[in-house]
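**Q** Sharing a structure here in structure tokens format.
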């Protein structure tokens, strides 16, 4: 939501009939509370993005890997699964794949790269921004299973 208030993406600054001639950013800024802004995002751009992600998640042609788990798993189980799922053994053995991946895993780094910007504490802090209305909107849009996975 904050992104859409600050971005220079043209579409956010074009007047839209749907918003009585306001731009997406103006409409978002015009809402009275953070909760209302989050609900608006769930009804529009963020909601569409999440729905697309859920469609891909349900497609068996894709392997779904938790990046947090990859980053913290010294056994590299998901990377082993990825190697097999993608048929990479045709080009190189598993050990070569794991050796190439190892330096990029957070658990193997001496210090974290500057682009690592979130943590479980950041997620918890972000979820605290969801007031009762935003939580209800999220649950209504995406159902109880996803709501429980995110908020519980």
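The numbers here are math on the coordinates, done by the rules we state, and not lab data. Fair warning: this is a prediction, and the values are worked out from it, not measured in the lab. Here Cβ is always computed from backbone atoms with ideal geometry, including for glycine, and neighbour counts include all displayed protein chains.
**Q** Mind giving me the FRET efficiency for residue 2 and residue 99? R0 is 25 Å, r the Cβ-Cβ distance, nearest 0.05 is fine.
**A** E between residue 2 and residue 99, to the nearest 0.05, is 0.05.
**Q** What residues of the stretch 59-85 lie in the reach of a label at residue 109, counting those whose backbone N is under 13 Å from a point 7 Å from the Cα along Cα→Cβ?
**A** Within reach of a label on residue 109: 68, 71-72.
**Q** Could I ask something else about it? Given N residues in the stretch 20-82, what is its alpha carbon radius of gyration divided by 2.2 N^0.38 Å? Walk me through the numbers before you get to the answer.
**A** Working: Rg = 18.1 Å, N = 63, 2.2 N^0.38 = 10.6 Å.
Cα-based Rg divided by the globular estimate yields 1.71.
**Q** Further, regarding this structure: Normalised by the empirical 2.2 N^0.38 Å for globular proteins, what value does the Cα Rg of the stretch 1-48 take?
**A** Against the empirical 2.2 N^0.38 Å value, I get 1.03 for the stretch 1-48.
**Q** In addition: Across bins of 5 angstrom width beginning at 0, how are the C-alpha pair distances of the chain distributed, in whole percent?
**A** Once binned at 5 Å, the Cα pair distances of the chain give 1, 7, 12, 15, 14, 14, 12, 10, 7, 4, 2, 0.
**Q** Hey, fewest Cβ within 10 Å first, where do 79, 31 land in order? Show your work: numbers first, answer last.
**A** On the way: 79 19, 31 15.
Sorted ascending by nearby Cβ count, the order is 31, 79.
**Q** Could I ask something else about it? Given a Förster distance of 35 angstrom, what is the FRET efficiency for residue 121 paired with residue 59, based on the Cβ-Cβ distance and rounded to 0.05? Please report the intermediate quantities before stating the final value.
**A** Values: r = 32 Å, r/R0 = 0.92.
According to the calculation, E is roughly 0.60.
**Q** Taking neighbour counts of Cβ atoms within 10 Å as a proxy for exposure, in what order, fewest first, do 109, 76, 53 appear? All intermediate terms of the calculation are to be shown ahead of the outcome.
**A** On the way: 109 13, 76 19, 53 10.
Taking fewest neighbouring Cβ atoms as first place, the list is 53, 109, 76.
**Q** Among 3, 24, rank each residue by its count of other Cβ atoms within 10 Å, from fewest to most, as a rough exposure measure. Kindly include the intermediate steps, with their values, before the conclusion.
**A** Values: 3 11, 24 23.
By the 10 Å Cβ count, ascending, the order reads 3, 24.
**Q** Which length gain, in nm to one decimal place, applies between residue 140 and residue 69 when the Cα-Cα distance is subtracted from 0.36 nm times their residue separation? Walk me through the intermediate numbers first.
**A** Values: separation 71, 0.36 × 71 = 25.56 nm, distance 2.84 nm.
Working it through step by step, the gained length comes to 22.7 nm.
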